[in-house]
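The numbers here are math on the coordinates, done by the rules we state, and not lab data. Please read all numbers here as calculations on a predicted model, not as lab measurements. All Cβ positions, even for glycine, are placed from backbone atoms using ideal geometry, and neighbour counts span all protein chains on display.
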Amino acid sequence: MEHILITGASRGIGRATAILCGAKGWSVAINYLKDDAAAESTARAVDAAGGRAVLIKGDVTREDAVIAMFDAATAALGPLSGAVINAGIVGPTLRLADMPADRLQRMFDVNVYGAFLCARECARRLPTDRGGAGGSIVVVSSAASRLGSPSEYIDYAASKSAVDTLTIGLAKELGPAGVRVNAVRPGLIETDIHASGGQPDRARRLGAMTPLGRAGRAEEVGEAIVWLLSDRASYTTGAILDVSGGR
Ligand code: NAP
């Protein structure tokens, strides 16, 4: 049985991934920021699918909270065999010239600093040369990192390009110690994130213009993440997998 920590797993891609992990009989630590009801619903769904869920509320931008989250997950489940660094935000659609500094700060705090704090905890705990048993880390990036998101959110796109580079570098650092590190780059996926950016219909509207002619579902991203977590991806590391309908 695998023991997986997923950040931002109360809703969207993180939730779908947690349920797919549960269906494989894995145990899952479900991190989230504030939506208790959504997190409890995800935990019930993981249990119902055949897994075992624990809830760990905490802000990935706080170092103490991230360390406590990894400690709590390990105490509840046993040593982690994998993590999905998924928590992320967008902001309202704006051109760069109009972006307030506090929005830029929060974007990079959550999507870059938070991801690095979580990756660092993995790098301290999973490698065989640090007492771990090896494992698999999956970083959730975005197709935005190669598209740039002009006139929408260049800051978000750039934050995801930073985690692409995190993936490439960390895969090289940790490969010799039995840890694989990969990323997925979702395209337009139907989740709440678009409403939080002020465009609830964005995935459906723009998804129609992709080669596959539709938005993606969170489960379709989750399937790729679960494959990368699993031993079936045993020779895959440093990869950045587009799950974007060809966009
Ligand atoms: P979502 O539905 O908005 O869910 C976001 C999740 O992140 C929630 O569980 C939320 O917790 C959690 N979260 C937010 N800030 C956090 C923080 N500071 N600390 C801990 N948890 C935090 O988002 P999503 O669409 O599933 O996106 C998941 C990831 O996929 C993100 O990294 C996003 O950039 C990436 N992505 C999404 C799309 C897409 O089209 N949906 C495309 C490309 C990439 P609460 O429920 O408690 O608020």
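Residue-by-condition table, conditions (1) closer than 22 Å to Phe116 by Cβ; (2) in contact with an Asp or Glu (Cβ under 6 Å, 6 or more places away or on another chain); (3) not in a loop (DSSP other than H, G, I, E, B):
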| residue | (1), (2), (3) |
| --- | --- |
| Pro176 | yes, no, yes |
| Gln199 | no, no, no |
| Glu220 | no, no, yes |
| Val226 | no, no, yes |
| Arg247 | no, no, no |
Next item on the list: Being under 15 Å from the mean Cα position of the chain (by Cα) and farther than 20 Å from Val179 by Cα is the filter here, so list the residues in region 121-156 that pass it.
Entry: Ser142, Ala143, Ala144, Ser145, Tyr156
Margin query: One residue is enough: does region 48-55 have a residue meeting the conditions farther than 19 Å from Ser10 by Cα and surrounded by fewer than 22 Cβ atoms within 10 Å (Cβ to Cβ)?
Written below: no
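Which one of these is among the hydrophobic types (A, V, I, L, M, F, W, C), touching a residue at least 40 places away in the same chain (Cβ under 8 Å) and crowded, with 17+ Cβ neighbours inside 10 Å: Ala183, Ala203, Ala177, Ala215?
Only one candidate qualifies: Ala183.
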Next item on the list: Name the single residue, out of those in region 92-133 being β-branched (Val, Ile, Thr) and not in a loop (DSSP other than H, G, I, E, B), that is farthest from the ligand (Cβ to nearest atom).
Entry: Thr128
Checklist line | region 96-120 residues that are of a type in the set (Phe, Trp, Tyr), paired with ones that are in a helix (DSSP H, G or I) (beta carbon under 6 Å, 6 or more apart) | finding: Phe108/Ser159
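Given the options Glu121, Glu152, name the one that is acidic (Asp, Glu) and within 25 Å of Gly82 (Cβ to Cβ).
The unique qualifying residue is Glu121.
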